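The values are calculated or read from the model by the stated rules, or taken from the named source; none is laboratory data. Keep in mind it's a predicted model, so treat the numbers as computed, not measured. Heads up, the Cβs are rebuilt from the backbone with ideal geometry, glycines too, and the neighbour counts pull from every protein chain shown. These area figures cover heavy atoms from the full protein model, side chains too; ligands, DNA and RNA do not enter into them. Shrake-Rupley method; radii C 1.70, N 1.55, O 1.52, S 1.80 Å.
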Amino acid sequence: MKKAIPILIAGLSGLLVLVALIWQPQLAGWLEVVLNWAVIIASVAALVAMATLLLAHTRKIIMVRHGFIYSVILIGAFLVSFVGGMTAGVENPSYLRWIAAIQQPAEASLLGLAALVMAAAALRLFHQRGWSALTVSFGISALVFLVLGLGWLQALQIPQLDIVIGYLEALPLVGMRGLLIGMGLGALLLGLRIVLGLERPYGE
Amino acid sequence: MPALSLNDLLAFGLCVLALVALGMNLLVHRKHPYSGLRHTSAVRSTEILSQAAAEQGKRLTIGLGLDVADSTTAMASLPVLAALTRRSIFTDQPVRAASGGGTLACLSQSVVRGTYQGAVTPELFKPDYALLAGLSPYAYLAGLLPQAASRANAGVILYGPHRPESVLAVDLVERKGNPVIVLTSDLSAQAVLLASSAQLSLGEDFFDSGASLEVNPSAAAALRAQDLLRIVITVGLILGAVLRLLGVWQ
Amino acid sequence: MNALDVIIGLIGFALTLMVFSYLLGYNFFFRAALYLLVGISSGYIAAVLITKVILPLLIAPIQAHNGQFSPLTVVPLLLCLLLVLMLFPRTVSAGKLPLAFLVGVMAALTIAGVSRGTLAPQLLSIVNRFSPSLVQTDGEPAWGQILEAVFILLGVVAVLFTFHHRTHLKGDTEARSGLVEGLSSVGQVFIGITFGMLFVGFYTTALTALIAQLGTIKDFILSLITG
């Protein structure tokens, strides 16, 4: 019985949302209430997860475990940005400027680093994956789109070439459609299994 | 109920069809749910890696990807987390999970705790086994990287909605000389990681875990339902195209 | 350039160097930058969640009812309290109920979103390529358009069958039928082409970010030198 309660809650909440989505606008009010609750609970879940993370790092500091200095950095940074946000307000321009001053360069640098890592990895493509229909078409396609991305061929303004370029640019959409439909089917069946209680991502 | 558009009617029809196909396959194949299904090698490799980790006295780290709110496909990875945790409970180094969002972190805590409870060893559970890595996509990557680089790892599995930037995590694990398995629902990430050495699953194979690990008969029924829908969609597309061409369907 | 600009510029410069130090190996500075990013973003998001969601949506309605609980406010409050119990190892399982609620809602949104937003529009757009207005010009068949539409249809079917799961016993081994294997080979070519384009798309974005970041650093150093 105890095990059945979460299954029942997941099923009922899922069904309620589905029914409310179909019977619009009659059930729009109910849908809004349920979605509001979901937003609140998801936010509290984020705070709980964050608290668990902070507790884990605090334990690391207290026990002076290997690498505790990083935990000091994490908790220190958290406290500074959290206290700053709560006191100055999260929309305060000065506060946002400080947050952006750290987030923006760190994130842009990580993305830039990814470019360098990708370039190195791409050079080893055939060594890593061997020669197959997939890798050969991937390699040729990447090369073609890299050239097209430079815009030199388009700059020549040759009508016949522009037609060929148009076809080439439309070609990946075929695979994309197939992949999206396949992924969609997988996601649809996963959703149905959860609402039916056949899959329990909240644990047994 | 208001009048439905063609798009909504088709969507509704697909949902009903998926439901019927799922139920039918659950019933028909209830005795041998996993037979006659292709196994996804990346999922099977997670099992092999899990055994190797136990033999080496090392652990597996699983990156569960971005939050459920960003992509519900994140939930597909939780049965694998449960299965691998179950196998590592009595080893020196239990599986560690890192999540890219609050809901996913709480779900993974609940799943891991439930698995320990199921093995009648709730006292062995520690909250550190399933932690949040970061709340934004880049914070998740930043939180995942140190865990992926841990010397205690025998390998790393990235299973969930990972962005293409996770190529950095794959590179780091490679540098540490450990294997990495990636199952992501993000097509751009699949494309980027195709050029890496990671063992990778492509396209909808992302959803194969429950069936490939043989931990959930409904997952196998879902794969059979997917196959059936594939055939129905193909027939429907051809029929629709012919009707359109002949001008029967204006 | 005022003092604040200099400090912010220096932070950006230092963080960029710390992140790119990864190229020399996985080191202290790189790790410190990672933990700093996690800490700063977590603190910011926590402050946003409390001030923009928890206070206005959970606490304010209770205060509006002068502390009296209505069913609409008490249910989320109870579910949140159960979630908070997850902070204690012994009571982690209490979080199952609110999580089940969340999972149910999200699964339903996925079902609706995927079927209405992905599957149906994608399928209709493939069939609509065969609409008379596109495949006929002046009442005559436009063979180029028809061939293109057929090509798209066959490509999509081939990609779909690349992931077909059903196998049959062939001798001692399980294998897919010859038709499915054939379609799968064609499908792999289409997948490779799509992935090649996606790879270049992301690579271009990342490279642009790299160039922009290096440009920012260069401008900062130049402005420091020139005052």
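With each run of n ≥ 4 DSSP H residues scored as -39500 (n - 2.57), what mean residue ellipticity at 222 nm is computed for the protein assembly as shown after dividing by its residue count and rounding to the nearest 500 deg cm²/dmol?
On the way: 26 runs with 458 residues, N = 681.
Result for the protein assembly as shown, helices only: -22500 deg cm²/dmol.
On the first, second and third principal axes, largest extent first, how far apart are the outermost C-alpha atoms of the protein assembly as shown in Å?
That gives 76, 71, 57 Å along the principal axes, largest extent first.
Compute the long axis of helix B:137-148 from its Cα atoms, compare it with the longest principal axis of the Cα atoms of chain B, and write down the angle in degrees, 0 to 90, nearest 10.
With both axes taken from Cα atoms, the answer is about 50 degrees.
Restricting to Cα pairs below 8 Å that are 6+ residues apart, what does the relative contact order work out to for segment B:76-213? Please round to a whole percent. Working shown, then result.
On the way: 204 pairs, mean separation 28.8, N = 138.
Relative contact order, segment B:76-213: 21 percent.
How much of the DSSP beta bridge set in the protein assembly as shown is antiparallel, as a percent to the nearest 5? Can you show the working numbers first?
Numbers: 6 of 25 bridges.
In the protein assembly as shown, approximately 25 percent of DSSP beta bridges are antiparallel ones.
For chain B, set up a Gaussian network in which alpha carbons nearer than 10 Å are linked by springs, and say which option among B:98, B:133, B:191 fluctuates the most.
Comparing B:98, B:133, B:191 in a Gaussian network model of chain B, the most mobile one is B:191.
Give the calculated FRET efficiency between residue A:150 and residue B:120 to the nearest 0.05, with a Förster radius of 56 Å applied to their Cβ-Cβ distance. Intermediate results must be reported in sequence, preceding the final value.
Details: r = 63 Å, r/R0 = 1.12.
Efficiency computed from Cβ-Cβ geometry: 0.35.
Counting only complete DSSP H runs, which helices of chain C cover 15 Å or more along their long axis at the Cα atoms and score a mean Kyte-Doolittle of 0.0 or above? Walk me through the intermediate numbers first.
Numbers: long enough: C:3-20 (26 Å, 2.40); C:28-49 (31 Å, 1.76); C:71-84 (20 Å, 2.70); C:96-114 (26 Å, 1.96); C:143-162 (28 Å, 2.04); C:178-226 (71 Å, 1.37).
Going by DSSP H runs, the hits are C:3-20, C:28-49, C:71-84, C:96-114, C:143-162, C:178-226.
Using DSSP loop states and a limit of at most 16 other Cβ atoms within 10 Å to flag trypsin sites (Lys or Arg not before Pro), what is the longest stretch of chain A containing no flagged site?
On the way: sites that count: A:2, A:3, A:65, A:124.
The longest uninterrupted stretch comes out as A:125-204.
How large is ³J(HN,Hα), in whole Hz, for each residue of segment B:37-46 in order, when computed from phi with the Karplus curve 6.51 cos²θ - 1.76 cosθ + 1.60 and θ = phi - 60°, using x for Gly and Pro?
10, 5, 9, 7, 5, 5, 5, 4, 5, 4
Nearest 0.05, what FRET efficiency do residue B:44 and residue C:66 give at R0 = 56 Å with Cβ-Cβ as r? Intermediate values should be presented prior to the final figure.
Numbers: r = 60 Å, r/R0 = 1.07.
Working from the Cβ atoms, E equals 0.40.
So what's the angle, to the nearest 10 degrees on a 0 to 90 scale, between helix B:78-88 and the longest Cα principal axis of chain B?
Between the helix axis and the principal axis of chain B, the angle is about 30 degrees.
Going highest first, how would you order B:157-165, C:210-218, C:90-98, A:181-189 by mean Cβ packing within 10 Å? Could you put the intermediate results ahead of the total?
On the way: B:157-165: 28.0, C:210-218: 15.3, C:90-98: 21.7, A:181-189: 26.1.
Going from most to least packed, we get B:157-165, A:181-189, C:90-98, C:210-218.
At 7 Å along Cα-to-Cβ for each site, give me the label-to-label distance between residue B:24 and residue C:57 in nm.
4.0 nm
Counting only residues 5 or more places away or on other chains, whose amide H sits under 5 Å from the amide H of residue B:63 once H atoms are built in the peptide plane?
Counting only residues 5 or more places away or on other chains, the set is B:98, B:157, B:158, B:159.
Could you please tell me the mean projected area of the C-alpha convex hull for chain A, averaged over all directions and given in square nanometres to one decimal?
Numbers: hull surface 86.3 nm².
Computing the convex hull of the Cα atoms and averaging its projections yields 21.6 nm².
What distance in nm separates the two pseudo spin-label positions at residue A:158 and residue C:77, each 7 Å out from Cα along the beta-carbon direction?
7.4 nm
Which of A:29, A:113, B:108 sits closest to the plus end of the dipole of the protein assembly as shown, meaning its Cα is farthest towards the positive end, when Lys and Arg get +1 and Asp and Glu get -1 on the C-beta?
Of the options given, the answer is B:108.
What length, rounded to one decimal in nm, is gained on full extension from residue C:14 through to residue C:147, with 0.36 nm per residue of separation minus their alpha-carbon distance?
Details: separation 133, 0.36 × 133 = 47.88 nm, distance 5.66 nm.
So the chain would gain 42.2 nm between residue C:14 and residue C:147.
Would you mind telling me which residue in B:206, B:12, B:125 has the biggest mean-square fluctuation in a Gaussian network model of chain B, where springs connect alpha carbons within a distance under 10 angstrom?
The residue that fluctuates most here is B:12.
For segment C:78-130 and segment C:152-227, what is the separation of their C-alpha centers, rounded to whole Å?
Here the answer is 27 Å between Cα centres.
Write down the accessible area per residue of the protein assembly as shown in Å², having rolled a 1.4 Å probe over the full set of protein chains.
Values: 28490 Å² over 681 residues.
Result: 42 Å² per residue.
Measuring from label point to label point, each 7 Å out along Cα→Cβ, what is the residue C:173 to residue C:124 span in nm?
If labels sit at residue C:173 and residue C:124, their model points lie 4.4 nm apart.
Under the rule of at least 5 residues apart or a separate chain, name every residue whose amide H is placed under 5 Å from the amide H of residue B:153.
Here B:59 satisfy the definition.
Please list, in order along segment C:166-174, the HN-Hα scalar couplings obtained from phi with the Karplus expression 6.51 cos²θ - 1.76 cosθ + 1.60 (θ = phi - 60°), rounded to whole Hz, x for Gly and Pro.
5, 10, 10, 6, 10, x, 9, 10, 8
Between segment B:67-142 and segment A:165-190, how far is it from one alpha carbon centroid to the other, in angstrom?
The distance from the Cα centre of segment B:67-142 to that of segment A:165-190 comes to 31 Å.
Between B:180, B:95, B:16, where does the largest GNM mean-square fluctuation fall for chain B, given springs only between Cα atoms within less than 10 Å?
Its mean-square fluctuation being the largest, the pick is B:16.
Subtract the Cα-Cα distance of residue B:55 and residue B:176 from 0.36 nm times their separation in residues, and report this length gain in nm to one decimal.
Working: separation 121, 0.36 × 121 = 43.56 nm, distance 1.86 nm.
Between residue B:55 and residue B:176, full extension yields 41.7 nm more.
How tilted is helix A:133-150 with respect to the longest principal axis of chain A? Cα atoms for both, answer in degrees (0 to 90, nearest 10).
Approximately 80 degrees, to the nearest 10.
I need to check one value: relative contact order of chain B, counting alpha carbon pairs closer than 8 Å and at least 6 residues apart, in percent. The partial results should precede the final answer.
Values: 407 pairs, mean separation 59.1, N = 250.
Here the relative contact order equals 24 percent.
Nearest 0.05, what FRET efficiency do residue A:28 and residue A:94 give at R0 = 30 Å with Cβ-Cβ as r? Could you put the intermediate results ahead of the total?
Details: r = 40 Å, r/R0 = 1.34.
The computed FRET efficiency comes out at 0.15.
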